[in-house]
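Step one of this worksheet: look at the structure below.
The values are calculated or read from the model by the stated rules, or taken from the named source; none is laboratory data. Everything quoted here is computed from the prediction, not taken from an experiment. Every residue, glycine as well, gets a Cβ built from its backbone with ideal geometry; the counts of neighbours run over all protein chains shown.
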Amino acid sequence: MTITRHVNHESAHTRLGRAFALGLVLVATTAATAPTATADPPRQGTPDLGANVKVFDPSMPVSEIQAALDATHAAQVDNEMGTQRYAYLFKPGRYGTAEQPLQLKVGYYTEVAGLGAAPTDVAINGKVEVYNRCLTEGGTANCLALVNFWRTLGNLTINTDPKGQDDCRSTANFWAVSQAVSLRRLNIPNGTLSLMDYCTAGPQYASGGFIADSKLPTVTNGSQQQWLTRNSEVASWSNGVWNQVFSGVKGAPDDAAFPNPPYTTLDTTPLSREKPYLFVDASGEYAVRVPAARKNTSGVSWANGMTPGRTIPLSDFFVAKPTDSVREINSQLARGKHLLLTPGVYDIARSIEVKRANTVVLGIGHATLTAVNGAIPLDVADVPGVVIAGVTVDAGTKTSPVLLRVGQKHGKRPSSPLNPTTLSDVYFRVGGPHVGKTETALEVNSDNVLIDHTWVWRADHGVEGFTDTQRWHANTGRNGVIVNGDNVTATGLFVEHFQQYNTVWNGENGTTVLYQNELPYDPPTQAHWMNGDVEGWAGYKVGDRVRSHTLHGGGVYVFNQNNPDIHTENGFEVPRTKGVKLHHIMTVNLAAGTIDHVVNGVGEAADTTKTGVPVYVDEYPAP
């Protein structure tokens, strides 16, 4: 059996729009019942991380560990819009045996991570298991990964052992996912990693993801529409749909034949900083490792030992739970504490204020901040070195001006290029689990900021029960991302469905490495989708006064299912100047609506005569 039996790329391109639409319309929104929270009493040296964090050690029976993972997976595998959050953490050691491999099944809002100083300190004999969701005919048809969001796996070694699985499932580790999903600090020395599930019935589509700081075997990309792999090593990489970007990856495929295959390869990453991680040190104490920023690097950060950076004992953190008030959180931050957000949903009626340089805010288990009464849930001052990681920020039912603000508009911006404020795995939602309203999701006013993987999402589906026309007026968000600061870098910028420009970049010397955007599905009429006299709003806008900007690998998609006659003039809109350079960009039609040009009137229309077939521009301006 070869992978080509499961992936027919030409037919996938022509069928993808219809399946994508069907998958999002038919998403199951019924929340499963989560396991009853039964927190173990803290072990010697184990901090209280809340009821929904489970810490494993190698002395535990494999059956006990497997049962805990399976119970949560059963509750979370379809719980797309639920409020339950979980983290499963493995102390250093070996887990799973040749007779009893351990299967890591990761559902919605679940983080599975090792507690080692390096990924090699925690070894799992077993497999990674994230499969398609089958959304129709009683869960047997329309099987895809287009809505497999919000899950995390990292800081582990996986010694692949497929024992006990059928012929197809035994062929790979399966990580069939889409946006808001990250693999970090993963070491898989054998076997295969597949980013699609080719074992279930079709259409088997997947829609984007992110890998960083990992050593991987053969990777089957398969039906993934877009993907960023950063500062990693791969034995080999096969397949690709539309928009695949590699930055600082040893073993990455060459991109000379772009767009066939559709690879974009940077030898080094211009600016990177790995996500902070919780670990247990040699004396058994818990701490957080905060990696240092690096420039022009490739490969993993842990190749020569512990990732360069600083270690902060957990005692220097305020370990917050959803029952803690913002007043208490801010008091602890003002005293110089860092902040660890344990799993759960936090109602935020006044801003969490991060005012001190080098403060770390680390969420585990997809900790979620929800705006209440129009608050700005997270407000970061113009100071260097702040790190925000592993946090989801939701809009509330009353309009917030912004959901996360980094620096003040027209502020002093006393930042440091060697110590950038960094956002890692920070996700945003406007609608979905409930009505959401904001003017802007993410606003970056400070200079020298690094955005390392974000999904900024105005929901195209959810539990609100709206028609598309109703959703346009109920879940409101003008812009997804506005960048006003200079020298801002984004590695993995995913922004979707906002009602004007999805991304506006006003700062100088900006760099984006992979941009993925889908225009809103739901404008009721063309009149609702007009920028003055211009039809529609570009998915990526660089400010008219900007003189220096670089984008590597970008895609803007259209699916105006609410009104298929709607037009958008350009997917990208940028100043016509030699200092603004777009490398390997494309637009694509998903069966409704039209993007007339790729960028500034260049490139043919992405219309329904070429559904699922990208329109590429290799370089803009043309050399």
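Can you name every one of the strands (runs of 3 or more DSSP E) wholly within region 76-163 that holds 2 or more residues which are farther than 19 Å from residue 199 by Cβ, touching a helix residue (DSSP H, G or I) at 6+ places or on another chain (Cβ under 9 Å) and not hydroxyl-bearing (Ser, Thr, Tyr)?
Values: elements: 86-90, 93-95, 102-105, 110-114, 122-130, 133-136, 141-144, 151-160.
Those strands (runs of 3 or more DSSP E) span 110-114, 151-160.
Evaluate the following for residue 448: is it buried (at least 22 other Cβ atoms within 10 Å of the Cβ), polar (S, T, N, Q) and at positive phi? Let's see the steps before the verdict.
Values: buried (at least 22 other Cβ atoms within 10 Å of the Cβ): yes; polar (S, T, N, Q): yes; at positive phi: yes.
So residue 448 passes the test.
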In this structure, is residue 506 surrounded by fewer than 24 Cβ atoms within 10 Å (Cβ to Cβ), within 24 Å of the chain's Cα centre (by Cα) and modelled with pLDDT of 95 or more? yes
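Looking at residue 525, is it under 22 Å from residue 270 (Cα atoms), among the β-branched types (Val, Ile, Thr) and touching a residue at least 12 places away in the same chain (Cβ under 8 Å)? Let's see the steps before the verdict.
Details: under 22 Å from residue 270 (Cα atoms): no; among the β-branched types (Val, Ile, Thr): yes; touching a residue at least 12 places away in the same chain (Cβ under 8 Å): yes.
No; evaluated as a whole, the condition is false for this residue.
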Among the strands (runs of 3 or more DSSP E) lying completely within region 255-299, list those that include at least 1 residues that are under 26 Å from residue 384 (Cα atoms). 269-272, 277-280, 286-291, 294-297
Out of the residues in region 74-129 meeting the condition of being within 23 Å of residue 303 (Cα to Cα) and either of a type in the set (Phe, Trp, Tyr) or at pLDDT below 95 (or both), tell me which one is surrounded by the most Cβ atoms within 10 Å (Cβ to Cβ). 90
Among the residues of region 217-254, the number that are closer than 17 Å to residue 177 by Cβ, part of a strand (DSSP E or B) and of a type in the set (Ser, Thr, Tyr) is 3
Flag if residue 570 is within 30 Å of residue 474 (Cα to Cα), among the polar types (S, T, N, Q) and without any contact (Cβ under 8 Å) to a residue 40 or more places away in the chain: yes
Considering only residues that are crowded, with 24+ Cβ neighbours inside 10 Å and without any contact (Cβ under 8 Å) to a residue 40 or more places away in the chain, look in region 215-226 and name the one that is farthest from residue 304 (Cα to Cα). 224
Please determine, by comparing only the residues of region 333-361 that are of a type outside the set (Lys, Arg) and touching a Phe, Trp or Tyr at 6+ places or on another chain (Cβ under 8 Å), which one is nearest to residue 415 (Cα to Cα). 360
Selection from region 348-357 of residues that are in a strand (DSSP E or B) and surrounded by fewer than 19 Cβ atoms within 10 Å (Cβ to Cβ): 353
For region 513-531, check the following and say yes or no: at least one residue is touching a helix residue (DSSP H, G or I) at 6+ places or on another chain (Cβ under 9 Å), of a type in the set (Ser, Thr, Tyr), on the phi < 0 side of the Ramachandran plot and part of a loop (DSSP other than H, G, I, E, B). yes
As an exercise: evaluate residue 198 against (1) under 30 Å from residue 141 (Cβ atoms); (2) surrounded by 24 or more Cβ atoms within 10 Å (Cβ to Cβ); (3) among the aromatic types (Phe, Trp, Tyr) and give the number of the one condition it does not meet. (2)
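I'd like to check which strands (runs of 3 or more DSSP E) are fully inside region 386-456 and have at least 3 residues that are within 18 Å of the chain's Cα centre (by Cα), in contact (Cβ under 8 Å) with a residue 40 or more places away in the chain and over 20 Å from residue 270 (Cα atoms).
Numbers: elements: 387-394, 400-406, 421-430, 437-444.
In region 386-456, the matching strands (runs of 3 or more DSSP E) lie at 387-394, 421-430, 437-444.
Looking at region 475-488, can you tell me whether even one residue there is part of a loop (DSSP other than H, G, I, E, B), at positive phi and crowded, with 23+ Cβ neighbours inside 10 Å?
No, region 475-488 contains no residue that is part of a loop (DSSP other than H, G, I, E, B), at positive phi and crowded, with 23+ Cβ neighbours inside 10 Å.
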For region 190-215, which residues satisfy the criterion of being more than 17 Å from residue 127 (Cβ to Cβ) and not in a strand (DSSP E or B)? 201, 202, 204, 205, 207, 208, 209, 213
What strands (runs of 3 or more DSSP E) completely inside region 543-620 contain at least 3 residues that are touching a Gly at 6+ places or on another chain (Cβ under 9 Å), buried (at least 23 other Cβ atoms within 10 Å of the Cβ) and among the small types (Gly, Ala, Ser)? none
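Report whether or not residue 182 is under 20 Å from residue 228 (Cα atoms), touching a strand residue (DSSP E or B) at 6+ places or on another chain (Cβ under 9 Å) and free of Cβ contacts under 8 Å to residues at least 40 places away in the same chain.
On the way: under 20 Å from residue 228 (Cα atoms): yes; touching a strand residue (DSSP E or B) at 6+ places or on another chain (Cβ under 9 Å): yes; free of Cβ contacts under 8 Å to residues at least 40 places away in the same chain: no.
The answer is no for residue 182.
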Within region 130-147, the residues that are out of contact with any Asp or Glu (no Cβ under 9 Å at 6 or more places or on another chain) and crowded, with 24+ Cβ neighbours inside 10 Å are 146
Going residue by residue through region 88-110, is there one that turns out to be in contact with a Pro (Cβ under 7 Å, 6 or more places away or on another chain) and of a type in the set (Phe, Trp, Tyr)? yes
